[in-house]
Amino acid sequence: MTVVIVALLVILGVLVMAAAVSVRVLREYEREVVFRLGRLVGQKGPGLVLLVPGIDRMVRVSLRTVTLNIPPQNVITRDNVPAHVDAVAYFRVVDPSASVVDIENAVVATSQIAQTTLRSVLGKADLDALLSERERLNEDLQQIIDEQTEPWGIKVSTVEIKDVGIPTTMQRAMARQAEAERERRAKVIHAEGEHQAAAKLAEAASVISSQPAALQLRYMQTLREIGSEQNTTVVFPLPMDLIKPLMRAADAVQSATSETPAPAGGELPEGNGAGALPSAAGANGELPEGNGAKTIK
């Protein structure tokens with residue numbers, strides 16, 4: 001009787017062990033690829049899955065999206081500028097059987113494909129396109145990587161370039177270029193403002209010229225604006241109409257003075273404030289004594 005009980009206990013233990021080995025519980029995001037005696041049976045799950053002990057083998061596959069950090073890559077752009085680029089890729093398994101049978105390690109293979117594709121695609125782009133056209137480059141990377149991983153049962157949903165590092169000298173050159181571009185825009189805007197102001201001033205001048213009283217009103221308004229400021233020096237603009245008669249009179253006096261003829265005897269007119277000049281020497285070759293000189297014999 002004791003032997004029978006021991007045998008039953010042994011059989012019960014073996015059954016429990018076999019059940020523990022053959023029963024699997026899979027979560028909602030997991031699938032099980034089953035091999036029976038080395039041959040692919042198919043995929044099972046989620047929920048409770050039964051296996052034949054000692055005959056069936058399984059490989060558990062996750063269907064969740066995987067975030068893959070692509071290692072930083074040193075890239076030479078098409079315009080011969082070195083850049084340091086890193087990116088991130090999002091992919092998931094859509095065919096568990098193909099991801100197990102057709103490729104040894106789907107995650108590692110996808111990472112290698114992403115690195116090589118990143119270098120090849122960005123090497124065909126200019127630095128300006130790499131900095132300003134990231135959306136287009138991201139779409140190209142996603143399409144190429146997805147086409148290469150599709151036979152493995154992997155779907156690449158998104159590829160994003162995270163950071164682009166360029167040399168310090170190139171950063172300074174780009175900063176100078178941006179500064180020059182800003183200065184050019186400022187000069188163009190200033191020139192356009194001057195052009196518009198000149199046009200408006202021409203229109204104002206035509207209006208004021210038709211009404212002379214408007215110029216006087218504008219003159220008084222200018223004086224009022226100057227006087228309202230707290231300053232010690234006040235500049236009064238003087239109209240040119242008041243200065244022109246004085247300038248013409250001064251020119252007339254100057255021209256009359258320069259055109260007066262000199263007398264024939266070499267003497268200046270007495271009216272100009274000068275007396276008659278004595279002759280240089282007398283008839284006998286003597287100088288006048290009143291000039292402080294003695295008679296020469």
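Here the 3J(HN,Hα) profile of the stretch 38-50, calculated from phi with Karplus coefficients 6.51, -1.76 and 1.60 at θ = phi - 60°, is x, 9, 6, 8, x, 10, 9, x, x, x, 8, 10, 10 Hz, Gly and Pro shown as x.
Counting other beta carbons within 10 Å of each Cβ, put ARG176, ARG27 in order, fewest first.
Fewest-to-most ranking of ARG176, ARG27: ARG176, ARG27.
For VAL94, the residues whose amide H sits under 5 Å from its own are ILE154, LYS155, ignoring neighbours fewer than 5 places away on the same chain, with H placed 1.01 Å from N. Against the empirical 2.2 N^0.38 Å (N residues), the stretch 68-175 has a Cα radius of gyration ratio of 1.17.
Between the amide H of ARG27 and those of GLY47, distances stay under 5 Å, these residues lying 5 or more places away or on another chain, with hydrogens modeled in the peptide plane. Across the stretch 106-114, coupling constants 3J(HN,Hα) worked out from phi with the 6.51/-1.76/1.60 Karplus curve, θ = phi - 60°, read 5, 5, 5, 5, 5, 5, 5, 4, 5 Hz, and Gly and Pro carry x.
The mean of 1/r over all distinct Cα pairs in the stretch 1-113, once inverted, gives the Kirkwood hydrodynamic radius of 17.9 Å. Per-residue Karplus couplings for the stretch 217-226, computed as 6.51 cos²θ - 1.76 cosθ + 1.60 with θ equal to phi - 60°, are listed in order as 4, 5, 4, 5, 5, 5, 4, 5, 5, 5 Hz, Gly and Pro entered as x. Amide H to amide H distances under 5 Å link ALA125 with ARG78, where only residues 5 or more positions off or on other chains count and H is placed in the peptide plane.
As a ratio to 2.2 N^0.38 Å, the alpha-carbon radius of gyration computed for the stretch 10-61 takes the value 1.19.
Bear in mind these aren't lab numbers, they're just calculated from the coordinates by the rules spelled out. Treat the numbers as computed from the prediction; the structure is a model and nothing was measured. Note that each Cβ is placed from the backbone with ideal geometry, even for glycine, and that neighbours are counted across all protein chains shown.
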